[in-house]
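Data first, discussion second: the structure below is written as structure tokens.
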Amino acid sequence: MLSIKNLDVSIEGAQILRGVSFDLEAGKTTVLIGRNGAGKTTTLRTVMGLQTKTGGRLMLGKTDLDRHPGYGRAKLGIGYAPEDRRLIPAFTVEENILLPAYATRMQRDERQRRLNEVYDLLPQLKTMGDRPGGGVSGGQGKMVALGRALMVADHVLLLDEPFQGLAPALALEYAQALKRLREARPEIAFLITESSPELLSSIADHSLQIERGLIEMEHGEAA
Amino acid sequence: MSQPVLRAEGLELAFFGVKAADGIDLEIREGEFLAIIGSNGSGKTTFLNMCTGYLSPTAGTVYLGEKPITGMAPRRIARLGIARAFQIPQLFTDQTLLENVMLAIASRRGIWEGLKPLNRSVYVEEALELLALFGLERHAETITGTLPEGLRKLADITLALALNPKLLLLDEPTSGVSAIERFSLMEKLMAALRSRQMTALFVEHDMEVVRRYADRVVVWDAGKIIAEGNPAQVLKDPKVVERVVGVV
Amino acid sequence: QDNPDTLNIGVFTFTSGPAAAYGMPGKQAAELMIERINADGGIGGLPIEAKFVDEAQGAEGVISEYRRMAEDPSNQVAVAALSSGNCLALAPLGEQLKMPTIAWNCDTHQLLLNDRLQYTYRPNGNTIPEFTAFVAYLLERNPDVKRVAIINPDYSFGHDAAEIVKTAFETFAPDVEIVAELFPKLGASTYQTEISRLSSARPDAIFSNLWGGDLENFVRQASPRGIFMQSQVILALGETVLQRVDLPEGVIVGMLGDGYWLSPDSQANADTVAFAEAYHKRYGEYPVFPAMKMANAFVVMKAAIEKAIDAKGGEWPTRDEIAAAMKGMEVDTMTGHVRIREDNDGIVDQVIGVTAKSDTYDFKVIADMVRYDGDVFMAPIDEEPVEWIRTLDSAFLKALPKPGSYK
Amino acid sequence: MTRLLPLITAIAVLTLLLLPVVLPWSQFIITIAIAKGFAALGVALLLRGGLISIGHAMYFAIGAYVTAFMMKSDMLGDLALLLLGSTLVATLVGLIVGSFLVRFRAIFFAMLNLAVSMVLFALFSKLYGLTGGTDGMRVSVPAIFGNVLDKAAFDGVLYYVCIALLVIVGFLVRAYFKSPLGYGLKAIHTNEVRLEYLGVSAYSITLIAYTISAALAGLGGAMAALSIGHVLPEYAYWTESGHLVLTAVLGGIGGVAGPFIGSVFLEAVHTFAVDFAADAWNMILGATLLLVIFFVPRGLFGLFEGKPAKRASADEETGDTPNTAIEGGAK
Amino acid sequence: MLNSILPLLVDGLANAALIFFVAVGLTLVFSVLRILNVAHGSFYSIGAYGAASLGLWLVSVGANPWLSYPALLVSAALVAALFGPTIERLLVRWTYGKGEAIQILVTFGLFLILEDLQRMVFGVQSLYQDTPMTLLGVTMVGGVVYLNYQILLIVLALIVLIGLRLLIKRTRMGRLLAAVVADREVSEAMGINTDRIFMLAFSIGVFLAALGGALATPTTGVAPGLGAETMVLAFAVAAIGGLGQIEGAAIAAVIVATAKVLAVYFVPALDSVAPYLVMLAVLMVRPQGLFGVAETRRV
Ligand SMILES: Nc1ncnc2c1ncn2[C@@H]1O[C@H](COP(=O)(O)OP(=O)(O)OP(=O)(O)O)[C@@H](O)[C@H]1O
Ligand SMILES: Nc1ncnc2c1ncn2[C@@H]1O[C@H](COP(=O)(O)OP(=O)(O)OP(=O)(O)O)[C@@H](O)[C@H]1O
Ligand SMILES: [Mg+2]
Ligand SMILES: [Mg+2]
């Protein structure tokens, strides 16, 4: 689905990613594991066009992502939940979830259908719907960010350290939600970064280890 | 039984109708390593904010020893000996790591030292020593704004340690730190605390960390304390399992 | 010492900012005068070469320009300046650096008040006679005036004028009441609130020494709102806007001196007429009084240098000699006559009149003119001039020529 | 590069000392440039803490007016007294005004300084009896330790006094930058919360900075008043303050020399612009400003400075032993 | 009694209307781009010059005088179309996320350049074009003659206020704007073309400033220096209202204008400092402005 080839990224003269290559397959969950500062976030941001790359290619199916500016990638069906949530504080939770739908000019009924779908998968969100985005805690925010990403994620879903800072109960819920999602939307390719792999063992199909901007080893099927 | 270092009585605070603290009573005893766990949004960070003067509770009082400190500015509370590390690292992002730590040391020793330079050997040596605690000395000359999240977190803890406080409050010290490094971080932290004889409180989501390191654990839910005690027992409490630990 | 090849001078005026509406005619007149004088063989055989300095750059820029100019011995005369703040700052500098300076538009009576200057000369009169004359003219024309409002720009020139006008009313017509005193900011673009205030105060007469773009703005905003119908308006610097805005008839206007290009004296002077025509041809406008003030400053400069050359038997004079030549000098200017008093102040007639339609021009001209003798409103040397006004009385007014007497 | 700094400084000071001998007309311009440089240094100092003041010309004006007032009295008209007195008054006013304003940040800090300076500007222009209104006040030539000189000789002395002060005050401010207080000021910019949690009062840090900056501007104002010989309310006008910020950023806020470099540079550009394109002075200034900001973002001083501190890199091997790299060395 | 208060009211509102257009543009640009645009006042004066020139041209070709009203709007739109996108793209865009000092200085540099450009193009004499004002005639209010045009301005300001409010609260555009305001990067990731939003917001700001200038021409002359003058006032109003607050700008405009009017009527000496005194008073009590929201860092 998404194919990353020889990705090079430098920030302020320091090379952060060195020839990162891997493919995401539809219906499969790929986990990117690495220590702090290894380049996980940078990889995701580059896919979203938030970070300029110095080399390499990004292909979504047959589409070259270079032809699409950062803001166009949501419309192509790539959903992204950033590490630090980044909700719009002044919007309600529901408005936050709907934001990508407005941005990509989604039809009204399609919008509603997807919102309901998100609420089905993540029932906690429904109860928070009209709280302001600035008023939810760190963990709740992760859920909202996932819901928001799902609004447009037709092909690829990028989740940056979704479990970080989640209380274990919530992390389990989150993992279950991911599983439900996996079943409900088998066509999506998942890319999840994580520094603690154990939570993902149940859902990961592939896992990649990234170290200092290099993909170190590749496990075929996760244990 | 040892003296309480910090005591909170009946703290209450709500945001937009959401109760982040709903009658919190808690004591931290001298020399202990107390863990706070709880679901997300249950008010753990808010509690730390109230203890350190960043937020004022609408009711209740926080005592440091016998002295009420509610309503005091964070800097006065800091001078009384409570230091804090943050959930989201709070650093001076356009200065080097070394400068960050030296500034913290200078604050402790009294920042009003006239025009004497900051990078005198006393400061530099102590700062490097502190940085060495978490193996950060290699990054001493790095602008902290460009450090990866995990290292920023460690830097943040180092700044709090530099104040050499009586009581150290740590908000999720291991979140954002990769699983591989989590325990070694905690080991280093415990060593530092012990050698300095500090009392500490830490908010944590990793139950394994709590189990291994906490002397006592307090469980938060929706602004209330729902359980308290020895980690081994508390973590088995069905209420805690349901709301916080989760059933695998 | 060798004779120089050119006569280098500096000319200070506003060429940018809101004050340029007044400063540019000065600059244009200077350019034209230089051209005409040079075409005529220059001064003492030397062509004039001028450097223009924009006063809008602020006092310290102006001062540093002046210093640079004065410290270069090849520069002989400074024609400076427009703004009274700059004039006051440059005068002592002129003494220190021994730079003959012709204060072409420094009307503030503070300039020569306390110091005996050797290098700065003002051939164009000062605020005391200029504004007292308007009160005299108004009281002659509208003896029944009881309520007077003042609207002047908010800086020394405006406040000084208000002080003088109020003192003159107190002296000549003590029953006149000042019903409003407004000082809008210099360069204010809108006067609507002030106009409402003026309107609601119902004054019989409104005095104003607004000038430049400010004056144009005020007139344009006040006239549709009936101010000119409601009150007798006195625009002390009104002559400058006659060609640019359509003032109603009967507005008392003046030109702070005698510098009106259409006055009988000017029209009788072939050189002035030629100058005005050339000016019109070049700049599309006839020379308003700042232009005439500048032109007259050049006339004085030329006369002084020529006098100094004569005194030196044809040799080129030093700066000191040029300055000395101006002492007590009397010159026929393009619009009348000036006599430089011992305190270096010029005694110049005051011309005042009212706006009227013209047969010849498609803009208003000044009719019903009076030409007050320069001496009558001049305070004696070393007397506090505003206090001096109080020593006059209404009998003094009787002796003056009447409106319409200058034909 | 850093090690060359003392050398460059020495050369610069030497050049300044000799300049009037070579180019006499430059003496006045440089005096003014230094005077304004002091004010710009005050502004730059605040900028280090992320505080933009669009009102600092008021302290410049206060320094200038105090000099003018002191000159009016018979006893106080001595150069040393004047410089001292003006700086003192500006410092005091800075302390008082600052005690209200340093609570504010960002745009609000800028705007409030603007507002206060405009009120002061209005006072200077309206209190005719006291300040001479918009015509300003004359500043005659003061004595130097009781010796009365003529203007030209005095200007010469003033020039060298300014340079001496530039060196002395420059070193003091540099020491301040390097002290914990100076670092604390920089910390205001990035994280006040953490600063407070370190037990440091952000309020006091900013108030000290503000007061120092007012003192610097006041000193500059006194020099300008003495050199120009006339003070005007315009000194306090907001565009003057804008120019001070411009000077500071143009020169660079990384070190003490920056604002002075900016100031001398601007005076030079001005001098040439007046000769070649008098009508486009603002345009030249604006374009210069943009060019410098675009191409030398750290200001002209950045050209002389060493490389910025190391940024993080994924390459862990580059993390060499830190001690040697510390600027100035750990003794 | 009423007769003496009424003129104060009309003057206050008419003044407020003129200030409002500029201040609201400034505040809008600030709220979206987080940039205090010092050159904003220049767009006001360029708008004024444009409207006056277009109006004078219409008169010179003998066009129907009623065309002078649309001419005001057209010239503002032209100025916005000409300057908005280009300046945003060439200069302002570069400063995003660069720290306030840089932003203020870049726009200050732009301001200096634009001021000289205007002087080169339009000269130093003031331009004046009052057809729209004369066509509407006058009205007596409380014994004082007012221009009907002044009253029209009040109405127009209200329309702009309501229009902007609707745009921001009710439209998709408004929602996207708000998102970009809060977090540019995440907005981009969620599919918003933030570049376009910024350009649009900046151009709307330019349009509002130019519109203010254009609408002012029938009652004021246009001369060099107008921009600087207006801008400081707009700053004060935007700060008093709370930066980024549209309703705040409206109310602050009324407050500042009223203060000015009261000063002119009762203490003329305070006329020019009135806006600053109001600003000091308001910000001392409410540091974030009347409607501003205090930003606290969540830790
Ligand atoms: N703006 C920046 N300037 C300089 N370096 C940066 C910047 N952003 C990231 N880096 C560097 O890029 C490297 C990779 O960062 P990245 O955030 O991708 O790591 P990560 O694997 O996501 O780590 P974490 O687990 O801490 O989130 C780090 O060394 C970081 O310091
Ligand atoms: N400054 C604030 N403004 C509004 N709401 C707030 C604020 N701070 C906290 N809250 C709300 O108070 C509740 C408690 O928040 P708090 O940050 O204390 O939770 P927490 O227990 O630390 O959660 P987490 O483990 O996710 O960090 C949450 O609902 C949060 O949204
Ligand atoms: Mg990351
Ligand atoms: Mg928390």
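The values are calculated or read from the model by the stated rules, or taken from the named source; none is laboratory data. Values in this document were obtained by computation on a predicted structure and should not be read as measured data. In this analysis, Cβ positions are derived from the backbone assuming ideal geometry, glycine residues included, and neighbour counts consider all displayed protein chains. Remember, those area values only see protein heavy atoms, side chains included, never the ligands or the DNA or RNA. Shrake-Rupley method; radii C 1.70, N 1.55, O 1.52, S 1.80 Å.
Here r is the Cβ-Cβ distance between B:ALA132 and D:ILE168 and R0 is 30 Å; the resulting FRET efficiency, rounded to 0.05, is 0.15. In whole Å, what is the distance between the alpha-carbon centres of the range C:265-287 and the range C:13-48? Each part reduced to its Cα centre gives a spacing of 14 Å. Once you reduce the range A:55-108 and the range E:103-150 to the center of their Cα atoms, the two points are 45 Å from each other. The Kirkwood hydrodynamic radius of the range A:1-100, based on inverse pair distances between different Cα atoms, is 14.8 Å. Report the local net charge at A:THR54: Lys and Arg +1, Asp and Glu -1, summed over other residues whose C-beta lies under 13 Å from its C-beta. Here the charged neighbours net out to 0. Highest GNM mean-square fluctuation among A:SER201, A:SER21, A:SER137, for chain A modelled with Cα contacts below 10 Å: A:SER137.
Which of B:ARG120, B:ARG182, B:ARG29 moves the most in a Gaussian network model of chain B with Cα springs under 10 Å? Top of the fluctuation ranking is B:ARG120. So how much slack lies between D:ASP74 and D:PHE276, counting 0.36 nm per residue of separation and subtracting their Cα-Cα distance, in nm? Difference between extended and current length: 68.3 nm. In the range B:90-164, Rg over Rh equals 0.94, where Rg is the alpha-carbon radius of gyration and Rh the Kirkwood radius from pairwise Cα distances. Across the range D:161-241, the volume of the C-alpha convex hull divided among the residues equals 103 Å³ per residue. Between C:THR391 and C:HIS337, the C-beta separation translates, for a Förster distance of 25 Å, into a calculated FRET efficiency of about 0.45. Projecting the Cα atoms of B:GLY135, B:LEU147, B:TRP112 onto the charge dipole of the range B:90-164 (Cβ charges, centred on the Cα centre) puts B:TRP112 farthest toward the positive pole. Rg and Dmax of the range B:101-213, both derived from C-alpha coordinates alone, stand at 14.6, 48 Å. Charges were assigned to the Cβ only: +1 to each Lys and Arg, -1 to each Asp and Glu. The resulting dipole of chain A about its Cα centre is roughly 580 debye.
Accessible surface for B:ARG243 stands near 90 Å², nearest 10, in the context of the full protein assembly shown (1.4 Å probe).
Label 7 Å along Cα→Cβ of B:ALA14; the range A:123-138 residues with amide nitrogen under 17 Å? Flagged as within label range: A:131-132, A:135-136. Taken along the Cα-to-beta-carbon direction at a fixed 7 Å, the label points for C:THR360 and D:ILE8 span 6.8 nm. Derived from the Cα gyration tensor, the three semi-axes of the equivalent ellipsoid of the range D:5-305 are 28, 24, 19 Å, largest first.
Considering every Cα-Cα pair within the range C:305-407, what fraction, in whole percent, is farther apart than 19 Å? Pairs farther apart than 19 Å: 62 percent.
Taking each residue as 0.36 nm, the span from A:ASN116 to A:ASP154 lengthens on full extension beyond its C-alpha to C-alpha distance by 12.1 nm. Summarising the label geometry, the points placed 7 Å from Cα in the beta-carbon direction at B:GLU208 and C:LYS312 lie 10.1 nm from one another. Taking θ as phi - 60° and the Karplus parameters 6.51, -1.76 and 1.60, the scalar couplings of the range C:387-392 work out to 5, 4, 4, 4, 6, 7 Hz in sequence order, x denoting glycine and proline. About the centre of its Cα atoms, the protein assembly as shown shows a dipole size close to 4680 debye [charges on the beta carbon of Lys, Arg (+1) and Asp, Glu (-1) only; nearest 20 debye]. Taken along the Cα-to-beta-carbon direction at a fixed 7 Å, the label points for A:ARG108 and B:ARG120 span 7.2 nm.
For the range C:124-220, what class follows from the C-alpha gyration tensor (a ≥ b ≥ c being the square roots of its eigenvalues): rounded when a/c is under 1.5, otherwise prolate if a/b is larger than b/c, else oblate? In terms of gyration-tensor shape, oblate.
Taking one quarter of the surface of the convex hull spanned by the alpha-carbon atoms of the protein assembly as shown gives a direction-averaged projected area of 59.1 nm². Once the convex hull of all Cα atoms in chain C is built, its volume per residue stands at 123 Å³. Shown is the FRET efficiency for C:HIS280 and E:ARG93, computed with R0 = 41 Å from the Cβ-Cβ distance and rounded to the nearest 0.05: 0.25. Applying 0.36 nm per residue to the separation of D:ALA152 and D:ALA268 and subtracting their alpha-carbon distance, the gain on full extension is 39.6 nm. Given in Å, the Rg to one decimal and the Dmax to the nearest whole number for the Cα atoms of the range C:81-143 are 14.4, 50. At what distance in angstrom do the alpha carbon centres of the range B:139-168 and the range C:136-157 lie from each other? Using only Cα atoms, the two centres lie 74 Å from each other.
Return a whole-number percent for the relative contact order of chain D, with Cα pairs under 8 Å and 6 or more residues apart as the contact set. Once divided by the residue count of chain D, the mean separation gives 33 percent.
Structural descriptor for chain C: relative contact order 18 percent, calculated from alpha carbon pairs under 8 angstrom and at least 6 residues apart.
The base-10 log of I(q)/I(0) for chain E, evaluated at q = 0.08, 0.09, 0.13 Å⁻¹, reads -0.35, -0.44, -0.92 [Debye formula, identical scatterers on Cα atoms, solvent excluded]. Sorted into 5 angstrom bins from 0, the C-alpha pair distances of the range B:22-66 split as 5, 17, 29, 29, 16, 4, 0 percent. Taking θ = phi - 60°, what integer Hz values does the Karplus form 6.51 cos²θ - 1.76 cosθ + 1.60 yield along the range C:269-274, in sequence order, with x for Gly and Pro? Karplus values, whole Hz, x for Gly and Pro: 9, 4, 5, 5, 4, 5.
Judged by the gyration tensor of its Cα atoms, with axes a ≥ b ≥ c, chain B is prolate; a/c meets the 1.5 cut and a/b is the larger of a/b and b/c. Residue by residue along B:33-39, Cβ atoms of other protein chains within 10 Å of the local Cβ number 2 on average. Once you list every other residue whose beta carbon is under 11 Å from the beta carbon of A:PRO168, what net charge do they have if Lys and Arg are +1 and Asp and Glu are -1? Around A:PRO168, the charge tally is -3. Between C:THR120, C:THR171, C:THR360, the Gaussian network model of chain C with springs among Cα atoms under 10 angstrom shows the greatest mean-square fluctuation at C:THR360.
Over chain A, dividing the summed -39,500 (n - 2.57) contributions of all DSSP H runs of at least 4 residues by the number of residues returns a 222 nm mean residue ellipticity of -9500 deg cm²/dmol. Rounded, prolate or oblate: pick one for the range D:68-171, where a ≥ b ≥ c are the square roots of the eigenvalues of its C-alpha gyration tensor, a/c under 1.5 means rounded, and failing that, prolate if a/b is larger than b/c, else oblate. The shape class here is oblate.
Mean separation of Cα pairs under 8 Å and 6 or more residues apart, divided by the residue count, gives chain A a relative contact order of 32 percent.
Ranking E:TRP94, C:TRP211 from most to least accessible surface, computed with a 1.4 Å probe over the protein chains only, gives E:TRP94, C:TRP211.
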